[in-house]
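Worksheet for the structure shown next.
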Amino acid sequence: MIPGTEIKDRIRKIRDLMGVDVMIISKPKNLMYISGITSGHSLLTQDSCTVWTNEIEYETIKYPGIIDAELYKKNAMKDCLDKLKPGKIGIENVEINYYNKIKKEIDCEITVSDAVERARMVKSDYEIALVKKSAGIARKGMEKAYEVVSPGTSELKAAAEIEYEIRKNQSETTPFEHGMLLSSGKNSADIHGFPTKKKIKSGELVVVDLGARYGQYYSDMTRTIPAGKLKLNSKEAMAYEFIKNLELETIDIIKVGMKASDVHKFADDKIKEFKYKFHHSIGHGVGLAVQEMPHLNGISETVLCENMVFTIEPGIYVPGKFGVRFEDMVLLSKKRCIILTA
């Protein structure tokens, strides 16, 4: 159970960021963040936080004085809003049908808000402890990957052994819930390459992208593992060494106060100098979701600050030939990035 002081601090953070009279919260991850449950609806004002949910989830909400928990009933939220008469309502980035339904039922200004996601970007000590535990489980899985990724083994067989190791070490789900990524040889040029029946061959690069979940908090890491020996001076070997070093170089330049887009630009420029193209962003936040804010892409205006947790993952992909990616999850401290998946 999430401590009450933690829930209180989270709600306070959202109130500081929301900039509206009332915030409607219903997305499962955001609801989990403020109440510890994943099913229901919440109305957050500067003075109150009401959550409507089913009988089962209702029994798990134990935050008197912080959250007013009520059993769901038809039009409960609408009736509450009619009494509050807010001037401006914030709503999450939801499906258009849900947005239109709310807009039809409520006669006031509605604006899409990412206040909860922005609050989630900066992790508390409680969250950091869970992220570190999740990262530790992911490392166990990667240790297993270095044991089982070898010539003659199929991608699927290697992935099965790695995922078993992760679950055995207390991960609540398989990596990313839909399973890990593992691809070898020409398959590794697929950025999101799922394992297939293909057998790994000697001299191929194998991209292994995995993670765990502990206490609802995810982890994410990638290694490129040579199956056997790479040919010296081959394109694969040179790309492997370049990306392995670039990942650490990029982590080393990150400081509090830096714009997320500048981190991406640093890696993008380096890859261009190496005569390749960078096909995805340099990283993303990790927490209650595998991918969440901050987004470290070329257009992000987010300023990085202390206690953000995110990935750094440069990669090179040559269609029909090979791919290489290295990824670590880092915690940004006052002075530097601490690698959680080293």
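So for each of 263-271, 29-37, 145-153 I average, over its residues, the number of other beta carbons within 10 Å; can you give me the resulting order with the highest mean first?
On the way: 263-271: 19.3, 29-37: 21.4, 145-153: 15.6.
So the peptides 263-271, 29-37, 145-153, ranked by packing, come out 29-37, 263-271, 145-153.
Of all alpha-carbon pairs in the stretch 116-244, indicate the percentage at a distance above 19 angstrom.
Working: 4145 of 8256 pairs.
In whole percent, the long-distance tail amounts to 50.
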Inset, instruction - Enumerate the amide H contacts of Asp68 below 5 Å, restricted to partners 5 or more residues apart or on another chain; note that Pro and chain-start residues carry no placed amide H. - result: Cys49, Thr50, Val51
Inset, instruction - Taking H placed 1.01 Å from N in the peptide plane, check which residues at least 5 places from Met308 or on another chain put their amide H under 5 Å from its amide H. - result: Lys123, Leu332
Inset, instruction - Within the stretch 298-338, list the trypsin sites (Lys or Arg not before Pro) lying in a DSSP loop whose Cβ has at most 11 other Cβ atoms in a 10 Å radius. - result: Lys334, Lys335
Inset, instruction - Write down, largest first, the equivalent ellipsoid semi-axes of the stretch 1-135 in whole Å, where each equals the square root of 5 times an eigenvalue of the alpha-carbon gyration tensor. - result: 24, 17, 14
Legend entry - Anchor Lys83: aspartates and glutamates whose Cα lies under 17 Å away (excluding residues fewer than 8 positions away in-chain): Asp21, Asp47, Asp68, Glu70, Glu105, Asp107, Glu109
Legend entry - ³J(HN,Hα) computed for each position of the stretch 230-235 - Karplus, 6.51 cos²θ - 1.76 cosθ + 1.60, integer Hz, glycine/proline x: 7, 6, 4, 6, 6, 4
Legend entry - Segments 9-20, 297-308, 154-165 sorted - mean Cβ within 10 Å per residue, highest first: 154-165, 9-20, 297-308
Inset, instruction - Compute the projected area of the convex hull of the Cα atoms of the stretch 139-193, averaged over all viewing directions, and report it in nm² to one decimal place. - result: 3.8 nm²
Inset, instruction - Holding the Cα-Cα limit at 30 Å, pick out from Lys186/Lys259; Lys197/Lys229; Lys133/Lys198; Lys27/Lys85; Lys29/Lys259 the pairs that are longer than that. - result: Lys186/Lys259; Lys133/Lys198
Inset, instruction - Sort largest first and round to whole Å: the equivalent ellipsoid semi-axes of the stretch 143-339, each the square root of five times a Cα gyration tensor eigenvalue. - result: 27, 22, 12
Inset, instruction - For the chain, divide the Cα radius of gyration by the Kirkwood radius and give the resulting Rg/Rh value with two decimals. - result: 1.03
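Could you quote the convex hull projected area for the stretch 1-40, Cα atoms only and averaged over all directions, in nm²? Present the calculation step by step, with values, prior to reporting the outcome.
Values: hull surface 11.4 nm².
The orientation-averaged projected area of the Cα hull of the stretch 1-40 comes to 2.9 nm².
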Inset, instruction - List, in order, the whole-Hz ³J(HN,Hα) value for each residue of the stretch 255-260 obtained from phi through the Karplus relation with A = 6.51, B = -1.76, C = 1.60 and θ = phi - 60°; use x for Gly and Pro. - result: 9, 4, x, 7, 6, 4
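What translational diffusion coefficient, to the nearest whole µm²/s, does the stretch 210-290 have by Stokes-Einstein, given a Kirkwood radius computed over alpha-carbon pairs, a temperature of 25 °C and 0.890 mPa s viscosity? Before the final figure, lay out each step's value.
Numbers: Rh = 14.8 Å.
In µm²/s, the coefficient is 166.
Values quoted throughout were computed directly from the atomic coordinates according to the rules given, and no laboratory measurement underlies them. All figures in this text were calculated on a predicted structure; none of them were measured in a lab. We place every Cβ from the backbone using ideal geometry, glycine too, and count neighbours over all the protein chains shown.
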